[in-house]
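Novice: Here it is: the structure, laid out below.
The values are calculated or read from the model by the stated rules, or taken from the named source; none is laboratory data. Worth saying up front: this structure is predicted, and the values here are computed from it rather than measured. Heads up, the Cβs are rebuilt from the backbone with ideal geometry, glycines too, and the neighbour counts pull from every protein chain shown.
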Amino acid sequence: MRLPLPQLATQSRQPGHIAEVIETSTTEFLAQCLEPDSLDFAQMPPFGSWVRAADEDSGNQIYGVVYHATTSPLDSVHRATALGLSLAELREQQPQIFAMLKTEFRVAIVGFCPAGDNIIYQHLPPRPPQVHQAVYRCQPEEVVTFTEQLDFLRTLMDTRSAPIDGLIAAVIREVYQLRKLDRDWLVQAGRILNVQLKDDYDRLRIILSQIHP
């Protein structure tokens with residue numbers, strides 16, 4: 001399946017650059033958030049949000065959704081401990097804390113766009129993005145165009161390492177908002193899920209109950 005996508009910006013330092021790939025596999029990748037410019041925690045992308053990275057050798061832009069995120073110490077020796085301080089107090093009294101933590105997130109791959117093609121394929125790419133490639137937050141118009149077709153839901157259903165029901169609900173919920181509460185689109189998504197869930201109506205009801213304006 002393929003559909004046209006708006007022209008993408010080149011892979012350079014640009015707005016929306018939030019992380020860097022640090023581990024990769026056929027179906028997903030792990031990214032580490034970039035350090036913020038000010039004393040603050042790295043911005044953790046929301047569960048079910050859309051991001052993209054690149055396979056620079058082929059030029060493919062690879063799309064995925066965030067399904068797991070963590071903030072932890074940079075090493076396994078120094079564990080974080082409760083300090084009883086507000087964020088403002090941390091900045092004033094313990095500013096080194098912000099340099100000692102890392103925020104990482106895992107992304108389930110749902111499709112890709114070949115270089116110069118402006119066509120989206122809603123299945124796994126020939127290979128994932130390489131390590132150290134930039135990760136960008138998808139713009140709303142990218143997500144809206146990508147989700148004109150719904151084959152990506154079938155790809156998501158095969159994601160074994162994610163809390164799949166919650167992830168699908170979060171993805172549909174975000175897209176439903178970005179598509180300005182397009183009920184026809186939501187009904188179509190529900191029908192596809194019903195087929196994929198093999199008429200498991202209780203499971204479908206629980207997923208759809210998490211989707212709200």
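Novice: If I filter the stretch 26-66 down to residues being aliphatic (A, V, I, L, M) and in contact with a Pro (Cβ under 7 Å, 6 or more places away or on another chain), which single residue comes out as modelled with the lowest pLDDT?
Specialist: Just the residues of the stretch 26-66 that are aliphatic (A, V, I, L, M), to begin with: 30-31, 34, 39, 42, 44, 51, 53-54, 62, 65-66.
Of the ones still in play, those that are also in contact with a Pro (Cβ under 7 Å, 6 or more places away or on another chain) are 39, 42, 51, 53-54, 62, 66.
On the way: Leu39: 73, Ala42: 83, Val51: 98, Ala53: 97, Ala54: 90, Ile62: 97, Val66: 98.
Only one residue tops the list, namely Leu39.
Novice: If you don't mind, there's one more thing I want to ask. Looking at this structure, is Ala42 among the hydrophobic types (A, V, I, L, M, F, W, C), touching a residue at least 40 places away in the same chain (Cβ under 8 Å) and more than 19 Å from Phe146 (Cα to Cα)?
Specialist: Yes; evaluated as a whole, the condition is true for this residue.
Novice: Something else: Identify the residue in the stretch 178-201 that is in a loop (DSSP other than H, G, I, E, B) and surrounded by 14 or more Cβ atoms within 10 Å (Cβ to Cβ) and, among all such residues, is modelled with the lowest pLDDT.
Specialist: Selected residue: Leu197.
Listed here are the residues, each with its yes/no results for (1) touching a His at 6+ places or on another chain (Cβ under 8 Å); (2) among the hydrophobic types (A, V, I, L, M, F, W, C); (3) farther than 30 Å from Glu20 by Cα.
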| position | (1), (2), (3) |
| --- | --- |
| Leu156 | no, yes, no |
| Gly166 | no, no, no |
| Leu181 | no, yes, yes |
| Leu208 | no, yes, yes |
| Pro213 | no, no, yes |
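Novice: Can you pull out every residue in the stretch 26-39 that is assigned to a loop (DSSP other than H, G, I, E, B) and either under 18 Å from Ser72 (Cβ atoms) or in contact (Cβ under 8 Å) with a residue 12 or more places away in the chain (or both)? Can you show your working first?
Specialist: Of the stretch 26-39, the ones assigned to a loop (DSSP other than H, G, I, E, B) are 26-27, 34-39.
Within the stretch 26-39, Thr26, Thr27, Leu34, Glu35, Pro36, Leu39 meet the criteria.
Novice: Hey, among Thr71, Thr81, which residue is among the β-branched types (Val, Ile, Thr), part of a loop (DSSP other than H, G, I, E, B) and at negative phi?
Specialist: Residue meeting the stated conditions: Thr81.
Novice: I would also like to ask the following. Starting from the stretch 108-119, keep only residues that are closer than 16 Å to Val144 by Cβ, then list their pairs with residues that are crowded, with 17+ Cβ neighbours inside 10 Å and aliphatic (A, V, I, L, M) whose Cβ atoms are within a distance under 6 Å, requiring at least 6 positions of separation or different chains.
Specialist: These pairs meet every condition: Gly111/Ile120; Cys113/Leu5; Cys113/Ile120; Asn118/Leu5.
Novice: Further question: So, in the stretch 2-25, how many residues would count as being part of a loop (DSSP other than H, G, I, E, B) and modelled with pLDDT under 60?
Specialist: Result for the stretch 2-25: 9.
Novice: Take the residues of the stretch 114-134 that are touching a Gly at 6+ places or on another chain (Cβ under 9 Å) and assigned to a strand (DSSP E or B): which is surrounded by the most Cβ atoms within 10 Å (Cβ to Cβ)?
Specialist: Ranking the candidates gives Ile120 first.
Novice: Restricting to the stretch 104-141, count the residues that are within 17 Å of Gly48 (Cβ to Cβ) and among the β-branched types (Val, Ile, Thr). Walk me through how you get there before you give the answer.
Specialist: Pass one, the stretch 104-141, residues within 17 Å of Gly48 (Cβ to Cβ): 104-111, 122, 135-140.
Applying the additional criterion that residues be among the β-branched types (Val, Ile, Thr) yields 107, 109-110, 135.
Matching residues across the stretch 104-141 total 4.
Novice: Looking only at the stretch 170-185, filter to residues that are of a type in the set (Asp, Glu) and farther than 14 Å from Val66 by Cα; which one of those is farthest from the chain's Cα centre (by Cα)?
Specialist: My answer is Asp184.
Novice: Another question, then. Can you tell which of Gln133, Gln196, Gln139 is touching a residue at least 40 places away in the same chain (Cβ under 8 Å) and touching a strand residue (DSSP E or B) at 6+ places or on another chain (Cβ under 6 Å)?
Specialist: Numbers: Gln196 fails: touching a strand residue (DSSP E or B) at 6+ places or on another chain (Cβ under 6 Å); Gln139 fails: touching a strand residue (DSSP E or B) at 6+ places or on another chain (Cβ under 6 Å).
Answer to the check: Gln133.
Novice: Looking only at the stretch 162-180, decide whether some residue is free of Cβ contacts under 8 Å to residues at least 24 places away in the same chain and charged (D, E, K, R).
Specialist: The answer is yes, given that some residue of the stretch 162-180 is free of Cβ contacts under 8 Å to residues at least 24 places away in the same chain and charged (D, E, K, R).
Novice: If you don't mind, another one. Condition (residue is part of a strand (DSSP E or B) and either more than 18 Å from Gln32 (Cβ to Cβ) or touching a helix residue (DSSP H, G or I) at 6+ places or on another chain (Cβ under 9 Å) (or both)) applied to the stretch 100-108: is it met by at least one residue?
Specialist: Yes, the conditions are met somewhere in the stretch 100-108.
Every residue, every condition in (1) surrounded by fewer than 18 Cβ atoms within 10 Å (Cβ to Cβ); (2) at pLDDT 95 or above; (3) not in a loop (DSSP other than H, G, I, E, B), yes or no:
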{"site": "Arg154", "(1), (2), (3)": "yes, no, yes"}
{"site": "Ala162", "(1), (2), (3)": "no, no, no"}
{"site": "Gly166", "(1), (2), (3)": "yes, yes, yes"}
{"site": "Ala169", "(1), (2), (3)": "no, yes, yes"}
{"site": "Ile172", "(1), (2), (3)": "no, yes, yes"}
{"site": "Tyr176", "(1), (2), (3)": "no, yes, yes"}
{"site": "Arg203", "(1), (2), (3)": "yes, no, yes"}
